[in-house]
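Okay, structure first, notes after.
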Amino acid sequence: MSHKNFYQFKAKDNYELGLLMGAQFSDTAKSFLTITKTESSWNDKLRRSKNFLKLNEQYFPQFLDEMKGYAKGAGLPFEDMYVLSLEDEVDEEFTDKCTSMITNSGKLFTHNEDWDAESKNRISVIEKTIGDLSILELYYANTLGGNSVSINSNGIIIGLNSLVSIDTQMGLSKNLICRWMQETSDPDKSIETLKSLPRAMGYNYNIVNKNGKIWNVEYSSNNLNTSIPNSPFAHSNHYLSDLKNNEGNTNANGTFDRYNSAMAGLKPQMPLNEVTILMGDKTYGDKKSIMNERTIAKIIIDIKNKLAKIWLLREDELGFVDYDLSKYFT
C-alpha cells in the first residue's frame with residue numbers, strides 16, 4: 001500500500017524531470033498561483049525573486065532548468081513559478097518549520113514536518129530518478145524539492161529545519177541550495193562547498209548516512225557551523241551552536257519547548273512504538289508541542305530494517321504507510 005499522493009518520476013535530465021513534475025502538479029500550481037496573485041504583496045514578491053535569479057543561475061543552472069521545465073509542464077510563466085518556488089524567502093514571513101530526532105546509534109531518524117495548515121494539500125511523497133540517482137522525499141508542490149526530508153540512493157538522509165537569524169544578506173536561495181544538497185554522496189565535501197557559497201537565509205541540515213554517522217549543519221548568511229553529534233540527538237528551529245548569538249527566534253511556535261520535549265523523551269535505544277509516541281507528544285499544547293497544529297506530515301526512517309514509515313495529514317485515515325528502502329541502503 002502507498003499513499004494516494006505518491007508519485008514516481010524518471011527522467012534523463014533536470015529539465016525533463018521538471019517537465020514531468022510540473023505536469024503532475026499543474027492544478028496545484030495554478031490554484032496556488034491564482035490565490036497568491038490576489039495578495040497585495042505579489043509585486044513585492046516578484047521583485048524580490050529577481051534579486052535571487054542571477055546568483056541562482058550562476059551557481060545552479062541545472063536546477064533553474066528544472067524549474068523552467070516545471071513551469072512549462074504546469075502551463076505557467078517561469079517568472080511566476082519561480083516566485084512560488086522560493087516560498088518564505090520572498091514572503092518575508094518566517095514560520096517555524098519542523099522537529100527532527102535521531103536515535104538508535106544514528107540508525108533511526110524521525111521528523112515532524114510543520115508548516116501552515118493550508119500547505120497540507122501541497123505535500124506528497126515522491127520518488128524521482130535522474131540517471132542512476134533516485135530520491136524518495138516528502139515533497140512540497142511548487143518547489144524543486146529537497147526542503148523537507150530526503151533519502152537518496154547514495155544512502156544519505158537529509159532532514160531540514162528552518163532557522164531565523166539576524167545575520168542576513170542577499171545570496172543564493174536556500175531552496176536551491178537544499179535541492180543541490182539532497183543529491184550528495186559525500187556530506188563532508190558538500191559541506192565544504194556550502195561554506196564557500198554566497199548564502200541568503202539560514203537553514204539547518206540534519207544528515208545521516210547508512211552507517212549512522214550524523215552531521216548537524218547550522219548556517220546563516222555569513223557563518224556556518226558543523227558538528228558530528230552523538231545519538232540521541234534532536235533539532236528544532238533555533239541554533240544550538242555559537243551562531244545563537246544571531247538568534248532571531250522568539251519561541252512563538254515553541255522551538256525551545258519542542259527541543260526540550262524531544263531531548264527529555266529520547267533514549268539511546270527505542271522501539272518504533274516509543275518513537276511514534278514521542279512524535280505525537282503534546283506536552284506544550286496545540287501550538288508549541290512536537291505534535292502541533294502545524295504538523296502536516298511525519299516520517300520515520302529505520303535504516304536497520306530499510307524502511308520508511310510516512311504519515312500525511314491529508315491522508316490521516318491511513319496512519320503510517322510503509323515504504324521499502326532496500327535500494328537506498330544497499
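So the values come out like this:
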| item | result |
| --- | --- |
| Qualifying residues in the range 86-114 (those that are open to solvent by 20 Å² or more (accessible area, probe 1.4 Å) and either part of a strand (DSSP E or B) or in contact with a strand residue (DSSP E or B) (Cβ under 8 Å, 6 or more places away or on another chain) (or both)) - the one farthest from Ala308 (Cα to Cα) | Phe94 |
| Selected residue (only one of Asn222, Asn253 is open to solvent by 10 Å² or more (accessible area, probe 1.4 Å), in a loop (DSSP other than H, G, I, E, B) and touching a Lys or Arg at 6+ places or on another chain (Cβ under 7 Å)) | Asn253 |
| Total residues in the range 228-250, condition open to solvent by 40 Å² or more (accessible area, probe 1.4 Å) and closer than 23 Å to Ala200 by Cβ | 7 |
| Flag if Lys72 is modelled with pLDDT of 95 or more, open to solvent by 20 Å² or more (accessible area, probe 1.4 Å) and either touching a strand residue (DSSP E or B) at 6+ places or on another chain (Cβ under 8 Å) or on the phi > 0 side of the Ramachandran plot (or both) | no |
| The range 183-197: number of residues that are under 16 Å from Ile151 (Cβ atoms) and in contact (Cβ under 8 Å) with a residue 24 or more places away in the chain | 4 |
| Gly18 being assigned to a helix (DSSP H, G or I), touching a residue at least 40 places away in the same chain (Cβ under 8 Å) and surrounded by 15 or more Cβ atoms within 10 Å (Cβ to Cβ) | yes |
| Single match in Lys72, Lys68, Lys120 (criterion: touching a helix residue (DSSP H, G or I) at 6+ places or on another chain (Cβ under 7 Å), part of a helix (DSSP H, G or I) and under 21 Å from Asn292 (Cβ atoms)) | Lys120 |
| Restricting the range 135-163 to residues that are more than 11 Å from the chain's Cα centre (by Cα), open to solvent by less than 10 Å² (accessible area, probe 1.4 Å) and of a type in the set (S, T, N, Q), the residue that is farthest from Thr250 (Cα to Cα) | Asn152 |
| Qualifying residue in the range 92-102 (condition: under 16 Å from Ala23 (Cα atoms) and under 17 Å from the mean Cα position of the chain (by Cα)) | no |
| Condition met for Ser231 (among the hydroxyl-bearing types (Ser, Thr, Tyr) and in a loop (DSSP other than H, G, I, E, B)) | yes |
| Test: Asn154 is in contact with a Phe, Trp or Tyr (Cβ under 8 Å, 6 or more places away or on another chain) and in a loop (DSSP other than H, G, I, E, B) | no |
| From the options Glu87, Glu39, residue that is at pLDDT below 90, of a type outside the set (Phe, Trp, Tyr) and under 19 Å from the mean Cα position of the chain (by Cα) | Glu87 |
| Cross-chain or 6+ apart pairs with Cβ under 8 Å, the range 248-263 first and in contact (Cβ under 8 Å) with a residue 12 or more places away in the chain, then assigned to a loop (DSSP other than H, G, I, E, B) and basic (Lys, Arg) | Asn253/Arg294 |
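The values are calculated or read from the model by the stated rules, or taken from the named source; none is laboratory data. Please read all numbers here as calculations on a predicted model, not as lab measurements. For neighbour counting, all protein chains shown are included, and Cβ atoms are generated from backbone atoms with ideal geometry for every residue, glycine included. With ligands, DNA and RNA removed, areas are computed over all heavy atoms of the protein, side chains included. Shrake-Rupley method; radii C 1.70, N 1.55, O 1.52, S 1.80 Å.
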